[in-house]
Amino acid sequence: MTAQARDSAPAGGLTLGFLTAIRLPGWSPAAAVGALAAAGFALFFACLRGVDLTRMNGLGLLSALPVGAVAGVALLALAFMLGLALPRAHPAGLGAALAGLVICLDGITAFIEPEPRFPTTYQIAGFVEYVSRTGHTAPGLAAYFSWPGFFALISFVTGAAGTHSMLTLLRVWPMAIDLLCLPPLFLIMRNLRVSWRAQWLAGFLFTVGNWVGQDYFSPQAFNYLLYLVFLAILVNWFTDPGLSGPPHVVQESRLARLHRRIFGIVRPGELPPRPASTGQRAFLLALLIAVFTVSTASHQLTAFFMIGACTALVLIRRCRLTGLPVLLGVILAGWISFAAVDYWSGHMSNIFGGIGDLGSNLTTSVGGRLTGSSPAHLLALHARVGVAAVIVGLAGLGLLRRRRRGNDDRVLLALFCMPVLAIGLQGYGGEMALRIYLFLLPAACLLAACFFFPDPQSGRPAWRSMAILAGCAMVLPVAFFLARYGNEAFEQVPPGELAAANWVYAHDANGVRLLWLSPAPVIANTPEMPWSYEDISKVDYLPELAPRDPASVGGLVSALRSAGPGSYLIATRTQVADLQQTASYAPGWGQKFNALMTAAPGVRVAYADSSAVIYTLHWPPGARPRPLAASAAGPARHATPWTADGLIVLWLLSALLAVREFIRVCRPAARLIRPLTLASLPLLVLLLGVMALRFAALS
């Protein structure tokens, strides 16, 4: 090009030629994505200053969040999606972005709320405090003590650390437990034939899809982590796609031939088990049994899902440990029969009454949660159903798309379908549908991710898929805030309510009956306030019907009088929010009620602050409170003539079944497996007979 031509060339052409002549370093796109993620993370926290929690309405925390905070977390999610579009994986950057999302979504309340959230958190802390103070459990005080493993563990850890207050632990627990769930989740996916993009997208969907809120300081949160660890060990070291044999060996049925004509020949969606020495396999089996045993002693539900997962893998011919479900079932049945007798003794109808009642269990778990709420709060509840439906729907489409590509994801299908069977067992206090969704979520998220990235090899992503995922990055974090924190107006714990609870504990030397406001005392019997975190044997919490008409306080005054001296009625801001949002009480109900209750004859205010009022009556001088109802303190004992024999049989049978599984792992062809199986059968029959006699005698 001549000098004259260069001078006459358009400026835009020179600029384009200059840019095309520059070769950007290979790390530049990844650095740009990382900078975008860091900017979103910083924007989120920069906008959290001065959040006014009193502005919350039926939409929950989302109604009080600044727009900049929501934009920041959406920008962080978008950066994560852009990281999936890069030519190769950048685990450090994707991991940092995913951890940042967990901190923003699950840890936000730790940064903006002055006290740890969620009333039941304080109750669980109270059980730990009781174990730490007395050195034993008290099943007569609460059914939770029939599964004391979590309380004993936390008591030991806090005692060894010299911690006197657990408020910090309660505050950071949801964020910490959700971060700890990510490694076993990725370990599960590591031994499946899925691309790195599908794995990281599954981690994102797991983070934004886990709105259930069971990650508060509780046995369930700890045991969900154990469940993921249990699955990770099974899938990586004991799941073998070769157990089903080559396709040509098995005679095909008509259904199998029809399936092959539609989908063609499929290959296993799992990789062969990870290499391990004999000693390592024995250690991993011992770890599996130990994890299950800890879960059995810590939570009443998770162990059933562990057995279900193991049994499902055995039935689909993927698990080498074919006898493990029997061993785990014996351990669980033994714990329920001999250690959790206080839970089921005298309450058999409550436990087994829901078996087979699919319609009722489904109604109480889903439909019952969508009635009686205010219009704004109903939107938050529908957001929960919407997020769950999107993930489950995408999982079904992902399974079909993978099958069309020739992948047999029977392990994921089994882990996805197994939890659904629990809906026919029990309503679990109206929460069974939530627990089912929680336990199918790992498999559902990976199948949903496979809808966008179905091929095991990481090819170039389609622009349509990335456009849809960019939209998900904008929508799903907002939906998470709406679904997860839609109840935050009454699940938060204002400092005034904690101060009111401390006032009650300071006056419970002779025992206290604390009445509280409930929309339906029979079913809504968990107070929306910090409760039972101290002196659980000295304070009796009694739900009382909150009158629709705030002027009708006579019933509550009569209830106080019937409870006698040493009784109080507490009305909190979160209780009023619960009444208005979940039971459609009139706006302004709380102010009118407090004014009329204060003015009621014979009523006096014992304590009041910005968010809680405690009422009592003017009692005659020298009036003494009635003793609280007697409850069992210390570990309970329920012995029958067959208890000792049953325990001996339980230990012998467990040891025999465990030895059989260790031989199966260490020496699969050993001739001892069959004799051990035959020897265990009479012990199993004898144990079942002893358990049946105990149920008949103690129920």
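Being modelled with pLDDT under 65 and either open to solvent by less than 10 Å² (accessible area, probe 1.4 Å) or in contact with a Gly (Cβ under 8 Å, 6 or more places away or on another chain) (or both) is the filter here, so list the residues in region 252-267 that pass it.
First, the residues of region 252-267 that are modelled with pLDDT under 65: 252-265.
Scanning region 252-267 gives F263, G264, I265.
Any residue at all in region 508-530 that's acidic (D, E) and open to solvent by less than 20 Å² (accessible area, probe 1.4 Å)?
First, the residues of region 508-530 that are acidic (D, E): 508, 528.
Still in the list and also open to solvent by less than 20 Å² (accessible area, probe 1.4 Å): 508.
The answer is yes; a qualifying residue exists.
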*Could you identify the single residue in V493, V504, V475 that is open to solvent by less than 40 Å² (accessible area, probe 1.4 Å), of a type in the set (V, I, T) and assigned to a helix (DSSP H, G or I)?*
V504
*Would you check which residues across region 217-246 are in contact (Cβ under 8 Å) with a residue 60 or more places away in the chain, closer than 24 Å to L301 by Cα and small (G, A, S) and list them?*
S218
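Please work out if I468 is β-branched (V, I, T) and either surrounded by 23 or more Cβ atoms within 10 Å (Cβ to Cβ) or under 26 Å from L228 (Cβ atoms) (or both). Walk me through how you get there before you give the answer.
Details: β-branched (V, I, T): yes; either surrounded by 23 or more Cβ atoms within 10 Å (Cβ to Cβ) or under 26 Å from L228 (Cβ atoms) (or both): no.
No.
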*asked:* Tally up the residues in region 577-612 that are more than 26 Å from G511 (Cβ to Cβ), in contact (Cβ under 8 Å) with a residue 40 or more places away in the chain, open to solvent by 10 Å² or more (accessible area, probe 1.4 Å) and among the aliphatic types (A, V, I, L, M), please.
replied: 3
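Okay, residues lined up against (1) more than 24 Å from the chain's Cα centre (by Cα); (2) surrounded by 15 or more Cβ atoms within 10 Å (Cβ to Cβ); (3) over 21 Å from A483 (Cβ atoms):
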| position | (1), (2), (3) |
| --- | --- |
| V392 | no, yes, no |
| L413 | no, yes, yes |
| M418 | no, yes, yes |
| L438 | no, yes, no |
| A443 | no, yes, no |
| C450 | no, yes, yes |
| P456 | yes, yes, yes |
| R460 | yes, no, yes |
_The one condition in (1) surrounded by 20 or more Cβ atoms within 10 Å (Cβ to Cβ); (2) at pLDDT below 95; (3) touching a Lys or Arg at 6+ places or on another chain (Cβ under 8 Å) that Y568 fails to fulfil_ = (2)
*Of the numbered conditions (1) of a type in the set (S, T, Y); (2) open to solvent by 40 Å² or more (accessible area, probe 1.4 Å); (3) out of contact with any strand residue (DSSP E or B) (no Cβ under 9 Å at 6 or more places or on another chain), Y533 satisfies every one except a single condition; which is it?*
(2)
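I'd like the full set of residues that are in contact with a helix residue (DSSP H, G or I) (Cβ under 8 Å, 6 or more places away or on another chain) and at pLDDT below 90, limited to region 160-176.
Hits for region 160-176 are T163, M166.
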*Failed criterion for S349 (all others in (1) assigned to a helix (DSSP H, G or I); (2) modelled with pLDDT of 60 or more; (3) open to solvent by 30 Å² or more (accessible area, probe 1.4 Å) hold)*: (2)
*Does G634 satisfy the criteria of being modelled with pLDDT under 95, surrounded by 15 or more Cβ atoms within 10 Å (Cβ to Cβ) and closer than 30 Å to G135 by Cα?*
no
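The values are calculated or read from the model by the stated rules, or taken from the named source; none is laboratory data. Since the model is a prediction, treat every value here as computed from it, not as a measurement. Backbone-built Cβ (ideal geometry, glycine too); neighbour counts: all protein chains shown. Areas reflect the complete protein model, heavy atoms only, side chains present, ligands, DNA and RNA absent. Shrake-Rupley method; radii C 1.70, N 1.55, O 1.52, S 1.80 Å.
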